[in-house]
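The values are calculated or read from the model by the stated rules, or taken from the named source; none is laboratory data. Everything numeric in this text was worked out from a predicted model, so none of it was measured. Quick reminder, even Gly has a Cβ in these numbers, built from the backbone with ideal geometry, and neighbours come from all protein chains shown. When the accessible area is computed, the model is the full protein with side chains, heavy atoms only, and any ligands, DNA or RNA have been set aside. Shrake-Rupley method; radii C 1.70, N 1.55, O 1.52, S 1.80 Å.
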Amino acid sequence: MTLNTTLLAAGAMADALKELAPTGKLRAAINLGNSVLAQKDEATGEIKGITPDLARELGRRLGVPVELVPYNAAGKVFDDAGSGNWDIAFVAIEPVRASVIEFSAPYVIIEGTYMVRNNSPLKTIADVDRPGVRIAVGPKSAYDLYLTRTIKHATLVRAPAGGGRAMIDMFVNDKLEVAAGVKQPLVAYAKDHPDMRVMDGHFQEIQQAMGMPKGRPAGAAYLRAFVEEMKASGFVADALKRSHQTATVAPAAQ
């Protein structure tokens, strides 16, 4: 039995549609600050990647047009959660965010890790949390929220312009000791800058999920079932391949 027929049999489709697309279209917040999830073609302006693919597939199943609402950082998506500017979002599961966002189970898991200069005395993940070490982070990113809870001695420095490349630019320009972020973009940057290295291992497994504002139970139930079907059917794995990204497809929800 497919997801759609399951929901139709439960009599929930009309309520789910009303909650997922209250304006008649599905407005999906897309975080362009995480290149694993979404990429913008600089020549055409087209937004590609696993998150726009999932948004378009959800819109197709609901029978509504999809509007992609781009953001340059996950923290800005979260800040807009109560604004009515988006209906669904693709952000990592975090306790702070869960107060206003109803999450699905994760669809992919990515790693948060550190980048340092080659001559840095910091060699391992455990070396970083010490006095005098300044860690560049994207404000309100999943790894910022996690490190805010767990770092005891080092200092977090938040990039004023947001996450992603802005955080790396701050790390370089301000000569900070460490950059924290999603592993894949850090590895890509270090590949082009041989004076940098990415530490082995990770400090966090970041669970990327779909979410929507709280208080929409029928829509949230549909979204949870949709994510499970997208994982099980191979859609998530195929979308990662199409966008030439590497991440771990999350296991089925228990």
(request) Output the number of the condition that Arg197 fails; it satisfies all remaining conditions of (1) open to solvent by 20 Å² or more (accessible area, probe 1.4 Å); (2) in contact with a helix residue (DSSP H, G or I) (Cβ under 8 Å, 6 or more places away or on another chain); (3) in a loop (DSSP other than H, G, I, E, B). (result) (3)
(message) Scan the stretch 144-152 and tell me whether some residue there is open to solvent by 60 Å² or more (accessible area, probe 1.4 Å) and within 18 Å of the chain's Cα centre (by Cα).
(response) yes
(message) Quick test of your reading of the structure: Lys76 fulfils all but one of (1) modelled with pLDDT of 95 or more; (2) of a type outside the set (Gly, Ala, Ser); (3) not in a loop (DSSP other than H, G, I, E, B). Name the failing condition by number.
(response) (1)
(message) Residue under question is Asn173, and the condition is that it be farther than 30 Å from Gly49 by Cα and over 20 Å from the mean Cα position of the chain (by Cα); does it hold?
(response) no
(request) Give Lys140, Lys183 a once-over and let me know the one that is under 17 Å from Val36 (Cα atoms) and either basic (Lys, Arg) or open to solvent by 40 Å² or more (accessible area, probe 1.4 Å) (or both). (result) Lys183
(request) Look through Asp174, Asp195, Asp169 and report the one residue that is out of contact with any strand residue (DSSP E or B) (no Cβ under 8 Å at 6 or more places or on another chain) and not hydroxyl-bearing (Ser, Thr, Tyr). (result) Asp169
(message) The conditions are (1) of a type in the set (A, V, I, L, M); (2) in a helix (DSSP H, G or I); (3) within 16 Å of Ala126 (Cα to Cα), and Leu156 fails exactly one of them. Which is it?
(response) (2)
(message) Looking only at the stretch 84-123, count every residue that is outside any strand (DSSP E or B) and either among the small types (Gly, Ala, Ser) or out of contact with any helix residue (DSSP H, G or I) (no Cβ under 7 Å at 6 or more places or on another chain) (or both) and tell me the total.
(response) 14
(request) Looking only at the stretch 82-92, decide whether some residue is open to solvent by 30 Å² or more (accessible area, probe 1.4 Å), at pLDDT 95 or above and out of contact with any Lys or Arg (no Cβ under 8 Å at 6 or more places or on another chain). (result) no
(request) Mind listing whichever residues of the stretch 43-58 are open to solvent by less than 20 Å² (accessible area, probe 1.4 Å) and at pLDDT below 95? (result) none
(request) Filter the stretch 208-254 down to the residues that are out of contact with any Gly (no Cβ under 8 Å at 6 or more places or on another chain), open to solvent by less than 40 Å² (accessible area, probe 1.4 Å) and part of a strand (DSSP E or B), then identify the one that is farthest from Glu102 (Cα to Cα). (result) Gln208
(message) Considering only residues that are buried (at least 20 other Cβ atoms within 10 Å of the Cβ) and in contact (Cβ under 8 Å) with a residue 40 or more places away in the chain, which ones fall in the stretch 153-167?
(response) Gly162, Gly163, Gly164
(request) Take Ile30 and decide whether it is touching a residue at least 40 places away in the same chain (Cβ under 8 Å) and in contact with a Ser or Thr (Cβ under 6 Å, 6 or more places away or on another chain). (result) yes
(request) Look through Val69, Val100, Val133 and report the one residue that is touching a Lys or Arg at 6+ places or on another chain (Cβ under 8 Å), more than 23 Å from Ala250 (Cβ to Cβ) and either open to solvent by 40 Å² or more (accessible area, probe 1.4 Å) or of a type in the set (A, V, I, L, M) (or both). (result) Val69
(request) For the stretch 168-180, enumerate the residues that are within 19 Å of Glu111 (Cβ to Cβ) and either open to solvent by 40 Å² or more (accessible area, probe 1.4 Å) or part of a strand (DSSP E or B) (or both). (result) Val178, Ala179, Ala180
(message) With the requirement that a residue be closer than 23 Å to Arg242 by Cβ, exposed (fewer than 13 other Cβ atoms within 10 Å of the Cβ) and modelled with pLDDT under 90, what does the stretch 1-42 give you?
(response) Thr2, Glu42
